[in-house]
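Worksheet: the structure to be examined is printed underneath.
Taken together, the values in this text are just the output of simple stated rules run on the coordinates, not laboratory data. What you are looking at is a predicted structure, and each value in this text was computed from that prediction instead of being measured. Note that each Cβ is placed from the backbone with ideal geometry, even for glycine, and that neighbours are counted across all protein chains shown.
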Amino acid sequence: MSTGIASEATIPDSGLARAITEFVRDTATELLFNHSSRVFQFGALAGLRRGLRFDRELLYAGAMFHDLGLIPGHSSANERFEVDGANAARAFLTAHGVAEADVYTVWTAIALHTTPGIPVHMHPVVALVTAGVEMDVLGLTYGEYTEAERAAVVSGFPRTPHFKEDIIQAFYDGIRHKPDTTFGNVKADVIADKEPGFRPGNFCSVIRNARWADGHAADCGCGSHA
């Protein structure tokens, strides 16, 4: 447990939280375990700064499972990795007797954590998982944390010396087998970075290639068209 930050931003000391820690530590890489732990703490600190009331256990679950869909044992062949992680969290939390509404909140937080602009307007747990990710990976709110807070979080859960490239590689390794799932997703940039010849899906192309025939009105069955 890190010291030097508000107690509300420390890892919850509960049976459920300990089970989550054990499961993710045994399942994910050290890189992703430490990253996810920092996501929780940065997210919790953001919640305190914003004056939000949030359930620390649910936030911890969302943060710790948010990248589990990158791990082979939890990665499907055709779902977005965020959905895979959300499904893993749902199975785990349900097995531990967590209420369905709370499970759904965690599922949503994980599923939306790569969708900019939406989570901030949602349930505090949904908003704060994304806030933690945006701080630890993108540094978007770096200046909103004190130097002491940043140091305390990183001291407890260290960043690798080359974390930026390491996390990009981890993203790529987790999604390279299903590039189509990155359509409309920031992760398409990861594949494009690693595979210069990669051509991501294009929304306008999907519209233009739709089976609808433009140029005449659809038959409404009324016998005439205005």
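Some notes on this structure:
This table checks each residue for (1) surrounded by fewer than 17 Cβ atoms within 10 Å (Cβ to Cβ); (2) of a type in the set (Ser, Thr, Tyr); (3) within 30 Å of Phe183 (Cβ to Cβ).
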residue: Tyr60; (1), (2), (3): no, yes, no
residue: Pro72; (1), (2), (3): yes, no, yes
residue: Asn87; (1), (2), (3): no, no, yes
residue: Val98; (1), (2), (3): no, no, no
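- Any chance Arg150 is among the charged types (D, E, K, R) and either assigned to a loop (DSSP other than H, G, I, E, B) or touching a Cys at 6+ places or on another chain (Cβ under 8 Å) (or both): no
- Candidates in region 111-120 are the residues that are buried (at least 18 other Cβ atoms within 10 Å of the Cβ) and touching a residue at least 40 places away in the same chain (Cβ under 8 Å); of these, the one that is nearest to Ser14 (Cα to Cα) is His113.
- Spans of helices (runs of 4 or more DSSP H) in region 10-110 with at least 1 residues polar (S, T, N, Q), under 16 Å from Gly174 (Cβ atoms) and touching a residue at least 40 places away in the same chain (Cβ under 8 Å): 15-27
- Taking region 121-136 as the range and being out of contact with any Phe, Trp or Tyr (no Cβ under 8 Å at 6 or more places or on another chain), crowded, with 18+ Cβ neighbours inside 10 Å and among the hydrophobic types (A, V, I, L, M, F, W, C) as the test, the residues that pass are Val126, Ala127, Val129, Val133.
- Candidates in region 150-171 are the residues that are touching a residue at least 40 places away in the same chain (Cβ under 8 Å) and more than 22 Å from the chain's Cα centre (by Cα); of these, the one that is surrounded by the fewest Cβ atoms within 10 Å (Cβ to Cβ) is Ser155.
Each row is one residue, and each column tells you yes or no for (1) surrounded by fewer than 23 Cβ atoms within 10 Å (Cβ to Cβ); (2) touching a helix residue (DSSP H, G or I) at 6+ places or on another chain (Cβ under 7 Å); (3) closer than 16 Å to Trp107 by Cα.
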position: Ile11; (1), (2), (3): yes, yes, no
position: Gly47; (1), (2), (3): yes, yes, no
position: Arg50; (1), (2), (3): yes, no, no
position: His66; (1), (2), (3): no, yes, yes
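- Test: residue in region 136-148 that is among the hydroxyl-bearing types (Ser, Thr, Tyr) and without any contact (Cβ under 8 Å) to a residue 60 or more places away in the chain: yes
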